[in-house]
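> One structure coming up, written as structure tokens, with questions to follow.
The values are calculated or read from the model by the stated rules, or taken from the named source; none is laboratory data. Values in this document were obtained by computation on a predicted structure and should not be read as measured data. Backbone-built Cβ (ideal geometry, glycine too); neighbour counts: all protein chains shown. These accessible areas exclude ligands, DNA and RNA; they are computed on the full protein's heavy atoms, side chains included. Shrake-Rupley method; radii C 1.70, N 1.55, O 1.52, S 1.80 Å.
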Amino acid sequence: MCASAARGQFLMDMIDTTTNLGKGMISIYKKFDHLRISGYMQPQFQFASGKGIESYAGGDFPAKVNNRFMLRRGRVRFDYAHFNKRNLPTVQFVFQFDGTERGVNIRDFWGRVFDGKWDVAALTMGMFARPFGYEVNLSSGDREAPERGRMSQILMKSERDMGAMLTFEPRQKSHPLHLLKVDIGMFNGQGLAGPADFDSHKDLIARVALKPMDINHSGWLLSAGASVLYGGMEQFTKVRYTMVDVKDDFTVDSAETNVGRIAPRHYYGADAQLLIPNTHGSTQFRAEYIRGTQTATYGTTETPGVIPMERNVLAPIYIRDFDGAYFCFLQHLGSAKHQLVLKYDWYDPNTHIQGKLIGHPGTHISASDIRYDTFGAGYVLYFNENMKATFWFDRVWNESTSLEGFTSDVDDNVFTARLQYRF
């Protein structure tokens with residue numbers, strides 16, 4: 001391969017985030033020396049089963065609205081890479097922004113330095129995706145489902161964070177560890193949910209991934225990964241609620257020594273993907289499970305972006321054990337242009353409490369402790385490398401509780417019809 005072709009392929013590999021299964025539409029890039037410009041836009045129409053519903057299918061609906069047109073994403077990305085005389089990358093720079101009717105936001109802004117000699121290691125610093133799990137790092141332009149699952153959106157809101165990361169990834173196929181990728185990094189912790197870091201504590205995030213490997217030379221590709229996030233947030237209030245010894249309500253701890261302690265944010269995850277090629281495309285199975293401990297507030301289990309406040313005073317914090325998972329089945333229908341996608345996921349924000357105990361008089365349990373299960377089904381039509389259409393329906397169930405408004409299943413299902421244009 002000539003030097004210019006090798007360099008072009010490197011940038012395409014860096015931009016195409018679906019290398020984990022070798023799946024996805026191939027992007028077309030405008031070339032200026034070693035600069036690549038790529039992007040996509042996702043206009044869509046949605047219909048909800050109720051007006052003003054809370055939703056993780058692109059955001060909540062306004063109070064009197066059950067249908068809407070919206071531009072879900074409008075991304076433009078610039079990639080630049082410099083190569084040495086041995087045609088190995090030495091520096092990469094990425095800038096990506098998102099523009100919709102709701103405003104313009106920066107999504108990626110980072111630089112990466114490669115070892116330039118052995119082609120096995122790199123250091124990344126800036127604003128970029130946290131190296132945790134499979135779904136969080138699967139590009140919105142390549143993902144078959146319109147949105148990531150509820151758990152991914154709550155625990156990893158906006159997916160990105162400010163930090164630094166070391167990567168071990170031998171890219172030469174002759175290397176004995178070329179199927180292995182290891183990322184380990186330190187991050188602020190609140191992601192892009194807040195304007196700036198509000199405490200001095202950092203999150204450690206690590207992921208070990210096995211790239212797609214051919215099973216017994218059968219053409220079946222198996223990949224897998226394990227992730228850990230070990231972090232937390234500083235406590236500025238002495239009041240904290242936990243479920244250490246009590247199984248039907250939170251226990252309050254108001255010791256003065258709580259101020260300055262680190263409230264835990266610990267996640268542990270495992271994922272696997274299997275691709276089975278066939279005459280008319282492929283069959284894929286994906287699964288991911290995450291469990292751990294999350295610190296948030298009474299009204300939400302999202303990671304706080306600022307110091308939690310209620311009525312201008314410090315809000316107490318709530319520490320919950322959670323778990324969740326998703327299972328996804330993808331099947332081409334007669335050709336690679338037609339694809340059926342089925343997905344089931346759940347998120348239980350508080351594994352110690354369930355059902356009618358939620359909302360029981362005299363307890364501190366809230367709607368934030370309700371488990372949700374979602375079954376999604378969709379059809380994806382790939383017109384060509386630059387355009388696809390997605391038709392998707394999410395059926396959402398919440399567990400029945402004693403809380404007003406949640407005594408039975410809330411009517412909050414959503415149908416999405418989306419076009420994606422890509423260059």
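> Okay, helix-only estimate at 222 nm for the chain: each DSSP H run of n ≥ 4 adds -39500 (n - 2.57), divide by all residues, round to 500 deg cm²/dmol; what do you get?
So the helix-based figure for the chain works out to -1500 deg cm²/dmol.
> Using a Gaussian network for the chain with springs between C-alpha atoms less than 10 Å apart, which of these wobbles most: 65, 182, 136?
In the Gaussian network model the winner is 65.
> Still on this structure, please answer the following. Heavy-atom accessible area of residue 202 with all protein chains present, probe 1.4 Å, nearest 10 Å²?
70 Å²
> Roughly what percent of Cα-Cα pairs across segment 174-216 reach past 17 Å?
Details: 480 of 903 pairs.
Tail of P(r) above 17 Å: 53 percent of Cα pairs.
> For a quick check, take a GNM of the chain with Cα springs below 10 Å and name the residue from 257, 301, 167 with the largest mean-square fluctuation.
Result for the chain, Cα springs under 10 Å: 257 fluctuates most.
> At 1.4 Å probe size, with no ligands or nucleic acids counted, give the accessible surface of residue 154 in Å², nearest ten.
Here the accessible area works out near 10 Å².
> If you plug each phi of segment 351-360 into the Karplus form 6.51 cos²θ - 1.76 cosθ + 1.60 with θ = phi - 60°, what whole-Hz ³J(HN,Hα) values come out, in order, with x for Gly and Pro?
Here the 3J(HN,Hα) series is 6, 8, 9, 7, x, 5, 5, 6, x, 4 Hz.
> On a straight-distance basis, which lysines could pair with residue 337 in a cross-link, Cα separation under 19 angstrom, same-chain partners fewer than 8 positions away excluded?
23, 388
> Can you send over the solvent-accessible area of residue 291, 1.4 Å probe, protein chains only, in Å² to the nearest 10?
130 Å²
> Further question: Enumerate by residue number the trypsin sites (Lys or Arg not before Pro) in segment 162-195 meeting two conditions: DSSP loop (anything except H, G, I, E, B), and at most 10 other Cβ atoms within 10 Å of the site's Cβ.
When the trypsin sites (Lys or Arg not before Pro) of segment 162-195 are filtered for loop state and at most 10 Cβ neighbours within 10 Å, 173 remain.
> If I compute semi-axes √(5λ) of the Cα gyration tensor in Å from the structure I just sent, which labelled value in (1) 37, 27, 20; (2) 66, 31, 18; (3) 43, 31, 20 lines up?
Checking each listed value against the structure points to (1).
> Let me ask you something else. Can you compute 3J(HN,Hα) from phi for each residue in segment 49-62, using the Karplus curve 6.51 cos²θ - 1.76 cosθ + 1.60 with θ = phi - 60°, rounded to whole Hz and x for Gly and Pro?
Working through the residues one at a time gives 7, x, 7, x, 6, 7, 8, 9, 9, x, x, 5, 8, x Hz.
> Residue 85: which lysines have alpha carbons under 21 Å from its alpha carbon, excluding same-chain residues fewer than 8 sequence positions away?
The qualifying lysines are 31, 117, 173.
> Rank these by accessible area, largest first, 1.4 Å probe: 165, 213.
Numbers: 165 15, 213 70 Å².
Descending order: 213, 165.
> Sorting 241, 344 by accessible area (1.4 Å probe), largest first, what list results?
Correct descending sequence by accessible area is 344, 241.
> Whole Å is fine, so just give me how far the alpha carbon centre of segment 345-373 lies from that of segment 255-318.
Cα centroid to Cα centroid, the span is 16 Å.
> What list of ³J(HN,Hα) couplings, whole Hz, do you get for segment 229-236 from phi and the Karplus terms 6.51, -1.76, 1.60, once you set θ to phi - 60° and write x for glycine and proline?
Once θ is set to phi - 60°, the couplings for segment 229-236 become 10, 10, x, x, 9, 5, 8, 9 Hz.
> Which of the three applies to segment 157-278, rounded, prolate or oblate, going by the alpha-carbon gyration tensor with a ≥ b ≥ c and a/c under 1.5 meaning rounded?
Numbers: a/c = 3.46, a/b = 2.08, b/c = 1.66.
Prolate, because a/c is 1.5 or more and a/b exceeds b/c.
> Considering amide H positions built from the backbone, and no H for Pro or chain starts, which residues 5 or more places from residue 162, or on another chain, come under 5 Å of its amide H?
So residue 162 has HN proximity to 188, 189, 191.
> Using a Gaussian network model of the chain whose springs link C-alpha atoms within less than 10 Å, name the residue from 370, 215, 319 with the highest mean-square fluctuation.
215
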